[in-house]
Amino acid sequence: MSKYQHIKQEAFEANMQLPELGLVLFTFGNVSAADRSLNAFAIKPSGVPYKDLSAEKMVIVDFDGNTIEGDLRPSSDTKTHAVLYKNWEHINGIVHTHSTYATAWAQSQRAVPIYGTTHADHLTADVPCAPPMDDEMIQGDYEYETGYQIINWLDQQGLSYQEIEMILVGNHAPFTWGKTAAKAVYNSAVLETVAQMAYLTEQINPQVERLKPSLIKKHFERKHGPLSYYGQS
């Protein structure tokens, strides 16, 4: 058995969650799962329909984007995943989708505003939207540069990837990450939900104001703060 079998299985199961959660159409998405001790990650093969996937078809790649095991070509977004893993040592899962509402905000080049407590349950700020990439980056090593567009925008905004586990890339689509592939998928589903809610909120009330700080603090801290009391101990 391959020493990478556990991350192949993890990546496979996480990828299969995307169509089940309504986050992908056809082959419009991918999940990877990393093992830091092996300096490698497993990722969906490029262009393979979800119904045809298996753990054995996952491709093993190093943090420089080089394939080290697998007969299929890895996802076209592999270099983006590799850049994020190489620069952010505390993540072990990444998701990229073109889910409808999150992608619509990305195409609009707008951050998703924090309007309600559902959003505040998961993060205390707007979901950031990096600007569209400049022509030099686009014409260069595009997927590699996409990773740096994400990293550089968070840095410029003074945001931590460990606190903000999701981003939109302007005119493109969302990326999410987490300590596991499953958590990255969870974040992708949360992002799509709050993006839909924010869109509908602005249709109902175009003058809506952002959630007030006291509610942001309460809802985030009751789930994630030192005195959190949500769920079971």
Restrict the search to segment 136-233; then list the trypsin sites (Lys or Arg not before Pro) that DSSP places in a loop and that have at most 16 other Cβ atoms within 10 Å of their Cβ. 179, 210
Which value, in Å², gives the accessible area per residue of segment 110-233 when a 1.4 Å probe is used on the protein heavy atoms? 55
Spin-label pair residue 143/residue 89, simplified geometry with 7 Å Cα→Cβ offset, distance in nm: 2.6
Residue 6/residue 26 FRET efficiency (R0 25 Å; Cβ-Cβ; nearest 0.05): 0.35
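Give, in nm to one decimal, the length gained when the segment between residue 229 and residue 152 is fully stretched (0.36 nm per residue of separation minus the Cα-Cα distance).
Using 0.36 nm per residue and subtracting the Cα-Cα distance, I get 24.2 nm.
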Between residue 69 and residues 5 or more places away or on another chain, which pairs have amide H atoms under 5 Å apart, with H built 1.01 Å from N, and which residues are they? 60
Can you figure out the FRET efficiency of residue 135 with residue 76, using R₀ = 22 Å and their beta-carbon distance, to the nearest 0.05? 0.65
Evaluate the relative contact order of segment 119-233 (contact order divided by residue number), counting alpha-carbon pairs under 8 angstrom at least 6 apart; express in whole percent. 28
When only Cα pairs under 8 Å and 6 or more residues apart are kept, what is the percent relative contact order across segment 80-151? 38
Taking Cα pairs under 8 Å and at least six residues apart, what relative contact order does the chain come out at, in percent? 21
Divide by every residue of the chain the summed helix terms, -39500 (n - 2.57) for each DSSP H run of at least 4, and state the resulting mean residue ellipticity at 222 nm, rounded to the nearest 500 deg cm²/dmol. -12500 deg cm²/dmol
Semi-axis lengths, Å, the chain, gyration tensor of Cα atoms, sqrt of 5 times eigenvalues: 30, 20, 17
Applied in sequence order to segment 114-124, the curve 6.51 cos²θ - 1.76 cosθ + 1.60 (Karplus, θ = phi - 60°) yields integer Hz couplings, x standing for Gly and Pro, of 8, 9, x, 6, 4, 4, 5, 5, 10, 7, 9
Amide H to amide H under 5 Å from residue 112: which residues, 5+ apart in sequence or cross-chain, H placed 1.01 Å off N in plane? 127
Residue-wise, which Karplus ³J(HN,Hα) couplings in Hz belong to segment 10-18, taking 6.51 cos²θ - 1.76 cosθ + 1.60, θ = phi - 60°, and x for glycine or proline? 4, 5, 4, 4, 5, 4, 5, 5, 4
Can you flag which of 51/79; 8/183; 179/212; 3/51 are past 22 Å Cα-Cα? 51/79; 179/212; 3/51
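The values are calculated or read from the model by the stated rules, or taken from the named source; none is laboratory data. A quick note: this is a predicted structure, and the numbers were derived from the prediction, not measured. All Cβ positions, even for glycine, are placed from backbone atoms using ideal geometry, and neighbour counts span all protein chains on display. All accessible areas refer to the heavy atoms of the entire protein, side chains included, with ligands and DNA or RNA removed. Shrake-Rupley method; radii C 1.70, N 1.55, O 1.52, S 1.80 Å.
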